[in-house]
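Q: Here it is, the structure in full.
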Amino acid sequence: MLGTVVNTLAIAGGSLIGLMFRGRIPVAYHQTVLHAIGLAVMLIGITSALKSGDILLIIFSLAIGSVAGEYIGIEKWLEKLGSWLNTRLSKSENEITRGFVTASLLYCVGSMAIVGSLESGLFGNHQTLYAKSILDGVASVIFASSLGWGVLFSAIPVLIYQGALTLSASVMKPFLTPLVVDQMSAVGGLLILAIGINLLELKKINVGNMLPAIFVPMIYFAIKTFFMTL
């Protein structure tokens, strides 16, 4: 859990630094910075998505995972939590919600979050999460200066999500082949691409409801292995 704790603290620390610049950036610059971040996020997503050579599995994962996420209502729960924080800490409607949901998803769906958490749980190797902590800390400075307090509270879902992955890594170990991890990272890359589209305000995509798609390749491999051993 050490890697996840460090990552959580890096996001919180970066957010606090970013909040010091909140309100000091002119509106025109604020919008331009957000669009620049959106473009960078899309590039990261495309790069990760290209790791997979099995397009059909990616399509299958996104379809099944999105249906599951829509049924659970993950995006709705994230927005509810953001709105709850918003009513208690901000006078501006949805000021905290947008930053909270956007940052939470971005920090959770990337390949470094998945691979780093699994390495931490399986081998006690926190190096990937340490590297992610540096990147997330820097990103938090930029996000918090543009999106406000919500980015700070995104550290909470990161702690829960990555912590859960770390603690359950030993159970998932038999199914986490390099090929499966690549497929999971590719699906995560497409979700990051969708976050970039949201930041550019091109189209509102409920990325939170697609989160289960990341784990469909692992489930598919587990089922396939089971039937092959019969």
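The values are calculated or read from the model by the stated rules, or taken from the named source; none is laboratory data. Only a predicted model underlies this, so the values are computations on that prediction, with no experimental measurement involved. Virtual Cβ from ideal backbone geometry, glycine too; neighbours counted across all protein chains shown. Calculation scope for accessible area: heavy atoms of the full protein, side chains included, ligands and nucleic acids excluded. Shrake-Rupley method; radii C 1.70, N 1.55, O 1.52, S 1.80 Å.
Q: For segment 207-230, name all the residues that are out of contact with any Gly (no Cβ under 8 Å at 6 or more places or on another chain) and either closer than 17 Å to ILE44 by Cβ or of a type outside the set (Phe, Trp, Tyr) (or both). Give the derivation first.
A: Within segment 207-230, the first condition is being out of contact with any Gly (no Cβ under 8 Å at 6 or more places or on another chain), and the residues that meet it are 207, 217-230.
Matches in segment 207-230: VAL207, PRO217, MET218, ILE219, ALA222, ILE223, LYS224, THR225, MET228, THR229, LEU230.
Q: Same structure, new question: Within segment 1-16, which residues are farther than 11 Å from GLN162 by Cα and open to solvent by less than 80 Å² (accessible area, probe 1.4 Å)?
A: VAL6, ALA10, ILE11, ALA12, GLY13, GLY14, SER15
Q: Within segment 181-188, is even one residue in contact with a helix residue (DSSP H, G or I) (Cβ under 8 Å, 6 or more places away or on another chain), open to solvent by 60 Å² or more (accessible area, probe 1.4 Å) and part of a helix (DSSP H, G or I)?
A: Quick first cut of segment 181-188, residues in contact with a helix residue (DSSP H, G or I) (Cβ under 8 Å, 6 or more places away or on another chain) only: 181, 183-188.
Restricting the remaining residues to those that are open to solvent by 60 Å² or more (accessible area, probe 1.4 Å) gives none.
No, that holds for no residue.
Q: Restricting attention to segment 196-218, which residues are over 20 Å from SER48 (Cα atoms) and crowded, with 16+ Cβ neighbours inside 10 Å?
A: Just the residues of segment 196-218 that are over 20 Å from SER48 (Cα atoms), to begin with: 201-204.
Matches in segment 196-218: none.
Q: A further question on this structure: Suppose we filter LEU57, LEU78 for residues that are within 16 Å of PHE221 (Cβ to Cβ), touching a helix residue (DSSP H, G or I) at 6+ places or on another chain (Cβ under 9 Å), open to solvent by less than 50 Å² (accessible area, probe 1.4 Å) and modelled with pLDDT of 75 or more; which single one remains? Reasoning before the result, please.
A: Details: LEU78 fails: within 16 Å of PHE221 (Cβ to Cβ).
When all the criteria are applied, what remains is LEU57.
Q: Continuing with this model, one more query. How do the pairs read when you match residues in segment 94-121 that are of a type in the set (Phe, Trp, Tyr) with residues anywhere that are modelled with pLDDT under 80 and open to solvent by 10 Å² or more (accessible area, probe 1.4 Å), using Cβ under 8 Å and keeping only pairs 6 or more apart or on different chains?
A: PHE100/LEU78; PHE100/LEU81; PHE100/LEU85
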